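Asks: Okay, handing you the structure first.
Please treat every number below as a calculation from the coordinates, not as lab data. Owing to the predicted nature of the structure, the values given are computational and were not obtained by experimental measurement. FYI the Cβ positions are ideal-geometry reconstructions off the backbone, even for glycines, and counts take in every protein chain you see.
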Amino acid sequence: MASWKCVKNCGACCYLDPAERPGLEEYLSPEELELYLSMVGEDGWCVNFDHTTRQCRIYLERPRFCRVQPDNFEQMYGVDPTDFDEFAIDCCYQQIEEVYGSNSPEMGRYIREVESG
Ligand code: SF4
Ligand code: SF4
């Protein structure tokens, strides 16, 4: 069973356009939803995302909904911690496909790195 991991040079989950994220209000508190919407730039990307380095400028202070970890996924999505890896990997696949495409270098890298364990 593969373990979830975040690969370098991606950032797909920092594309926050609410049109691509149905049901935000179901898993974010009203305060978090307000924060989320305040972070969406005109191009749909998070204003804290550095496109040059593809890294988060506020990584250590990023909100709960940016933190991919079992306790958060259980609270936000009701995912049992034993299903965390599978669920989180699927989230990355979906997000990478939407943002970069299924034949993108980002997708290729993700598949290789996750499958290599
Ligand atoms: S989509 Fe997944 S691999 Fe890409 S930056 Fe987000 S967590 Fe990392
Ligand atoms: S705060 Fe950081 S981790 Fe969260 S969406 Fe923005 S750039 Fe990505």
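Asks: Taking region 1-20 as the search range and keeping residues that are under 20 Å from PHE87 (Cβ atoms) and among the charged types (D, E, K, R), which one is farthest from ligand 1 (Cβ to nearest atom)?
Replies: Ranking the qualifying residues of region 1-20, first place goes to GLU20.
Asks: When region 49-90 is examined, which residues are found to be of a type in the set (A, V, I, L, M, F, W, C), within 13 Å of ligand 2 (Cβ to nearest atom) and touching a residue at least 12 places away in the same chain (Cβ under 8 Å)? Break it down into steps so the answer makes sense when it comes.
Replies: First, pick out the residues of region 49-90 that are of a type in the set (A, V, I, L, M, F, W, C): 49, 56, 58, 60, 65-66, 68, 73, 76, 79, 84, 87-89.
So of that shortlist, the ones also within 13 Å of ligand 2 (Cβ to nearest atom) come out as 49, 56, 58, 60, 65-66, 68.
Within region 49-90, PHE49, CYS56, PHE65, CYS66, VAL68 meet the criteria.
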